[in-house]
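Heads up, the thing below is written out as structure tokens.
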């Protein structure tokens, strides 16, 4: 059954999503599985809303409420998607406009606070019987990784520039003592400078950066007198980062290679990597950290900034496919700090010697990105993106912010040094 998407929403879905670009959004799930699962989903949602104090509105006529609110414009579609595809269906129902909320961030934060209890325990134990498995083509083998990275980071440099700060930093800022009245740019520089300080980056230091972004860390390292090699798999990021390095007059100190981290050779006094490990995939964590270990010179230090999830949740979800994987970060998976500690102990000589957690700062960073993205939505459309893309990214930013605001997610700067040998 084709969906006719006409319900009002903050970012209009603009009619039925383009089936060529959004094939799984253009039709409502059908078949025996959806028919059986939809009533179960309806009962679970109604029970959860009553327990959590969520204002559930099915159909038209939402009343103003200070409580988190879930407005179901097309309840049958919502329950069919949620019942058949779980959290993927929940996100897809947002993308099509089947549900909405006056404050998506408040609603999602409320749900994230209780994410482990939304589904009864007996049903959670059966999750592996029905949740989607990651497609084999998204595993981060060398031949697949460039396509996975390109799917997100090569969308458009111009689009990212619309909502990021002038440094083009696409990772959590570090605010001063939890004060959120400072400019995002200065908080991003504080984050970068702390990484460089912990890694001992200064004049003459050989630095490897795994994951270039748009070049701000490489620029600040080179400005300290360091010699920087940075690797990325995003052609668009590399092009713009090289332009920024050239404009700063630092091309002799910074080399940016389009290469997989596993292909790097050499020896470096410092290795830094900001929110790159999340894209590696749990099958390759040992390879990632062993590569850092291999490339780090004696006496050197490595700093990895990582988004993390609680260890039990990581174990429960590591073989599932999520909405974020499907629409935002193919092949990605978040580690726990415990997993990072275990894999480095098993596969490397590296040990964590410093750990700074600042998840609340990521919630604030995402709040600012989301606000700017929505305010500039017309400019996003002018770049050739459609209304479904706008809703997709609104949900991605709000969902991510909710994860940090609820403390379901965290972000850590982890400093590694080699274990002293007896």
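Sort the following peptides by mean Cβ neighbour count (other Cβ atoms within 10 Å, averaged over residues), highest first: 269-281, 288-300.
On the way: 269-281: 23.1, 288-300: 18.5.
The densest-packed peptide leads the list: 269-281, 288-300.
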Calculated log₁₀ intensity ratio I(q)/I(0) where the Debye formula runs over C-alpha points of the chain, q = 0.08, 0.14 Å⁻¹: -0.46, -1.33
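I want the antiparallel fraction of DSSP beta bridges within the chain, as a percent rounded to 5. Each step should come with its number before you reach the end.
On the way: 17 of 40 bridges.
Among the beta bridges of the chain, antiparallel pairing accounts for roughly 45 percent.
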Taking a virtual spin label 7 Å from the Cα of residue 357 along the C-beta vector, which residues in segment 176-216 bring their backbone nitrogen under 20 Å of it? 176-179, 191, 195
Euclidean distance of C-alpha centroids, segment 147-212 and segment 218-235, integer Å: 12 Å
So if I take the centroid of the Cα atoms in segment 260-290 and the same for segment 335-390, what is the distance between those two points in Å? 17 Å
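Going by how many other Cβ atoms sit within 10 Å of their own, how do 232, 109, 372 line up, fewest first? Don't skip to the end; give the middle numbers.
Working: 232 26, 109 22, 372 15.
Result, fewest neighbours first: 372, 109, 232.
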proj_area_mean for segment 155-202 (convex hull on C-alpha atoms), units nm², value 4.3 nm²
Note down the nm distance, to one decimal, between modelled labels 7 Å out along Cα→Cβ at residue 347 and at residue 155. 2.9 nm
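Taking only C-alpha pairs under 8 Å that are 6+ residues apart, what is the relative contact order of the chain in percent?
Numbers: 753 pairs, mean separation 73.0, N = 422.
Reported as a whole number, the value is 17 percent.
Every read-out reported here was derived from the displayed coordinates using simple, explicitly stated rules and does not represent laboratory data. What you see is a predicted model; the values in this text were computed from it and never measured. Every residue, glycine as well, gets a Cβ built from its backbone with ideal geometry; the counts of neighbours run over all protein chains shown.
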